[in-house]
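**Student:** Quick one: this structure, given as C-alpha cells, is what I'll be asking you about.
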Amino acid sequence: MKLRHLLLSLCFLAPAVLSAATPNVVIVFVDDMGYGDLGCYGSDRNRTPNLDKLAKEGLRSERFYVAQPVCSASRAGLMTGCYPTRVGIRGALSPVAKVGLDPAETTLAEIVKQKGYATAAVGKWHLGHHPSMLPLAQGFDQYLGLPYSNDMWPHRADGSEGKSKHPPLPLIENNTVKIADVKPEDQKLLTTQYTEKAVEFIKENKDKPFFLYLAHSMPHVPLFVSDKLPPGKDLYASVVEEIDWSVGQVVKALEETGATENTLIIFTSDNGPWLNHGTHAGSAGPLREGKGTAWEGGIRVPFIAKWPGKIPAGSVSKEPMMTIDLLPTVAGVIDAKLPERKIDGLDVLPILTGQPGAKNPHEAYFIYYQDDQLQAVLSGDWKLYLPHQYRTMNGRPGGTDGKPNPYENKRLTEPELYNVAADIGETKNVAAENPEIVQRLLAQAEKAREDLGDSLTKRKGSGTRGPGKVE
C-alpha cells in the first residue's frame, strides 16, 4: 500500500518537476532600437511603462551586446550562439540573396525541441528567405512575418510609387505567402498582427513548455504605427510606444494562462539606432555612434530579463553579456545538449540570476563588421579598436521625415583603447597609458584571426563554416 501511495505521489509531482526544468522562453527582439530609447534607460521621448515595469520586476543590463551592428548578422548570433562570421552570415541579406543560415546549424529553437517545446517565430526573420532557410526549416513549428527588413520593398512610406531595386515584400505564414505585396496600410498593422499571433501561440500552448521568438520589424525605417494608442511626441515615439504595448499584451497573456512564474522573458534589440535617419531614428543615449559601427552605440543595446524567483527583481547588471550567450544559457537551464558544431557563446546564467561574484566567462568578445573585418576586441572593462574605417554623422543631425542625411567616413590608423565601463561615451583613448592591455588584446585579436579570419589583414580563419546556399 505504501508503494502505491508513493507511485501516486510521484505521478502528481512529475508535472511540477518537469515545469521547473523546462521554463517557457520568450525573446522579444526589436529592430534598430537604441540604448537610450526606453524610460528605464533614461528616455524622456518615449513612454514605455510596460518595459519599465518589466525591468523593475527583473534585470536591466547596462552592458549587453549584439554580435554585429546590423540585421542578419546580429540575428545569426542570437539564433546559433555563434559569431556571424563563423556561420557565414554578413550584413543584411538582400531579397535576391542566394544564401542564408545553413539548416545544418543548430538554432535556439532546435535546442529547446530536445525537451519537447512548442516553438514559434513571429516577425522579421532575415536569415534567408528561401523555404529551405525559413523558420519552419530551422526548428520552429509556426511562423508569421516578413522574411527580411521592411524597407526592402518597392513602395514609399507615403504610399506613392517610385523606382526601387527591390521586388514585392511578402508577409509569410508558415511557408505560404499570406500577402504577396505588402503595402503601407499593411505595415501599419504589423506590430498588431505580430502581437496577436504571439498571444494566440501562448494561449494555445499553456499546458506545455514553449519558446516564442517575437522579432518586431519596427522601429526600423520606414516607420509605421496603428491608431490604437494616443499619438506620441513624434512618429518614432509612437512606434516605440506600440512596441511597449505589444510587450504588455504578451505579459498579460502569460498572466492569464498562469505561465508568468515559469517563464523567462527577454527584451532586447538587434543593434543600435540608425542615426542618419534623424527624427525617424532612435537614441544611443550616452553611447558613441550607432548602427553599422563597432562603437558602443552600435553594439550595446537595451536588455531586460524577467524570471520570477530566479532573477532578482530590480537588479541591474554591469557585467558584459552578448546575444551569442543566450543559446548556451537556455540549454543549460533546460539541461539540453549543446550543438555538435563549435559555438562561441557561454552560459551567463550566474550573471542573470545575480549570483554573488558572477563574472563574464569570456576572455574576450570579438566585434566583426563589413565583410568579416575584425574591428574591435572587448575584454572586461576594456575595448580595443583596431585600425579600420567607420561611418559617422560627425556631430551633424540626421534627416527629417524619413529622409536620411549622408554619413561621413573616418579612419582609425592606430589601435585605440577605451575603458567602456568608466568612459561610457568613449571619449578618451588611453592606449598610450596602458601598453600592456593593448598588447594583451592584440594577442586576443590574433587568436580570433586564426579562428575566424580577418579581411582587413587578408586572413582566412580555420574555423568558419559558411552559409547555406541555394542553387
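Laboratory data are not the source of any read-out in this text; all were calculated from the coordinates shown. Computed from a predicted model, the values in this text were never measured in an experiment. Methodologically, a virtual Cβ is constructed for each residue, glycine included, from the backbone with ideal geometry; neighbour enumeration extends over all protein chains shown.
**Student:** Put +1 on the Cβ of each Lys and Arg and -1 on the Cβ of each Asp and Glu in region 365-469; which of G380, G468, G398 then has its Cα farthest toward the positive end of the dipole?
**Tutor:** Of the candidates, G468 comes out farthest on the positive side.
**Student:** What are the ³J(HN,Hα) values, in whole Hz, obtained from phi via the Karplus relation 6.51 cos²θ - 1.76 cosθ + 1.60 with θ = phi - 60°, for each residue of region 354-360 in sequence order, with x given for Gly and Pro?
**Tutor:** Calculated HN-Hα couplings, in order: x, 5, x, x, 4, 10, 4 Hz.
**Student:** Each residue of region 186-197 in turn: what ³J(HN,Hα) in whole Hz from Karplus with 6.51, -1.76, 1.60 and θ = phi - 60°, glycine and Pro shown as x?
**Tutor:** Values per residue, Gly and Pro as x: 6, 5, 4, 9, 4, 4, 5, 4, 4, 5, 4, 5 Hz.
**Student:** Roughly how many nanometres apart are two label points built 7 Å out from the Cα toward the Cβ at E363 and V470?
**Tutor:** 4.0
**Student:** If you take every residue apart from D371 with its C-beta less than 13 Å away from the C-beta of D371, what net charge results, scoring Lys and Arg +1 and Asp and Glu -1?
**Tutor:** With Lys, Arg at +1 and Asp, Glu at -1, the net is +2.
**Student:** Another one. Could you compute the net charge surrounding E62? Neighbours are other residues with a C-beta less than 10 Å from the C-beta of E62; K and R count +1, D and E count -1.
**Tutor:** Surrounding charge for E62 is +3.
**Student:** Could you tell me whether region 21-352 comes out rounded, prolate or oblate from its Cα gyration tensor? Rule is a ≥ b ≥ c as square roots of the eigenvalues, rounded for a/c under 1.5, then prolate if a/b exceeds b/c, otherwise oblate.
**Tutor:** Rounded shape, in that the Cα axes give a/c under 1.5.
**Student:** How many percent of all Cα-Cα pairs in region 365-469 sit more than 21 Å apart?
**Tutor:** Of all Cα-Cα pairs in region 365-469, 45 percent lie more than 21 Å apart.
**Student:** Another one. So if R0 is 22 Å, what FRET efficiency would K318 and L412 give, r being the distance between their Cβ atoms, rounded to the nearest 0.05?
**Tutor:** So, using R0 = 22 Å, E works out to roughly 0.25.
**Student:** Considering only Cα-Cα distances, which of the following residue pairs are longer than 19 Å: K291/K447; K56/K197; K359/K383?
**Tutor:** Those over the limit are K291/K447; K56/K197.
**Student:** Which cross-chain or sequence-distant (5 or more) residues have an amide H under 5 Å from the amide H of R459, H modelled 1.01 Å from N in plane?
**Tutor:** Result for R459 returns D454.
**Student:** Related question: Ignoring everything except DSSP H segments at least 4 long, calculate the 222 nm mean residue ellipticity for the chain; use -39,500 (n - 2.57) per segment, divide by total residues, nearest 500.
**Tutor:** -8000 deg cm²/dmol
**Student:** So what's the gap between the Cα centers of region 300-363 and region 380-401, to the nearest angstrom?
**Tutor:** 28
**Student:** Measuring from centroid to centroid over Cα atoms, what is the spacing of region 418-471 and region 168-184 in Å?
**Tutor:** Going from one Cα centre to the other spans 39 Å.
**Student:** Here's something else I'd like to know. Just add up the charged neighbours of K208: K/R +1, D/E -1, any other residue whose Cβ is under 13 Å from the Cβ of K208.
**Tutor:** Net charge around K208: +1.
**Student:** Considering only DSSP beta bridges whose two residues both sit in region 21-352, what percent are antiparallel, to the nearest 5?
**Tutor:** If we restrict to bridges inside region 21-352, about 40 percent are antiparallel.
**Student:** Give the calculated FRET efficiency between Q439 and T279 to the nearest 0.05, with a Förster radius of 41 Å applied to their Cβ-Cβ distance.
**Tutor:** So, using R0 = 41 Å, E works out to roughly 0.40.
**Student:** If r is the Cβ-Cβ distance from L229 to D381 and R0 is 41 Å, what FRET efficiency results, to the nearest 0.05?
**Tutor:** 0.55
**Student:** What is the fewest-to-most order of R396, R75 by other Cβ atoms lying within 10 Å of their Cβ?
**Tutor:** By the 10 Å Cβ count, ascending, the order reads R396, R75.
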